[in-house]
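Below: the structure, in structure tokens.
The values are calculated or read from the model by the stated rules, or taken from the named source; none is laboratory data. Predicted model only: the values in this text are computed from it and were never measured. With ligands, DNA and RNA removed, areas are computed over all heavy atoms of the protein, side chains included. Shrake-Rupley method; radii C 1.70, N 1.55, O 1.52, S 1.80 Å.
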Amino acid sequence: MCTLVLAGWLMAVDGHAQTGKTSPFNTIGEGFKKHPEKAIELGESENDEPGDTIDDADVMLPPADSLRAYLPMVALPLKRISVSSPFGLRMDPMDKRRRRMHSGLDLKAHYEPVFSMLPGTVATASYSIKGGCYVTINHGFFVCSYLHLSKILVVAGQRVSAGQPIAVSGNSGRNTTGPHLHVSCRWGGNKGKYFDPALILEYITTQLTNK
């Protein structure tokens, strides 16, 4: 199980990213502009709890120009990024007799701080049987979930900045063979289709390199 730590301060909800507990080593951007489309509703049902595996039909490729157009402020989710298992079809580590679609990226992490990659609002901070302790953040036109956490540092409805600590990585949940961070992204909200989080990491790395 994980520990849920309530934030010691409240942040005003407005159209700009909140300042404060950000991590300057991996953050870039001037602020967060709201996307003009209808905001994604917070919360998710039991059937939409994040997990490590998905069906092929639940995968998509975001529009080519969307990432650059709508991601004005970015940060890396960990101090060091090392992918241990990519998005897509792979041998299921929980059942090596079958291949299944991996819903996100597994990043090497051993009980270390996890940072929000983008400004947004915490949609869910909870626990699921497969994904363990997890945080899902609503970024306006897609959501990102961080799974298998050992500690949660935010609460549902809280505004977060890019680079703000949101959790501590861990090994919670049924679908894990050791400590790591699983990151998954869904276009259009909790019921949207999954896409490769490597697209986000690639964009973030490019922005950080060029700052």
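Once backbone amide H atoms are built at 1.01 Å from N, Ser169 has Tyr111, Glu112, Val114, Ser150 as its partners under 5 Å, excluding neighbours fewer than 5 places away on the same chain. Solvent-accessible surface of the range 162-211, averaged per residue with a 1.4 angstrom probe and all protein chains in place: 37 square angstrom.
Quick check: from the Cα gyration tensor, does the range 80-211 come out rounded (a/c under 1.5), prolate or oblate?
Rounded, because the longest to shortest axis ratio a/c is under 1.5.
3J(HN,Hα) along the range 139-149: 9, x, 10, 7, 10, 10, 10, 10, 10, 6, 7 Hz, from the Karplus curve 6.51 cos²θ - 1.76 cosθ + 1.60 with θ = phi - 60°, whole Hz, x for Gly and Pro. Total lysine pairs in the range 95-211 at Cα distances under 30 Å, for residues eight or more apart or on different chains: 15.
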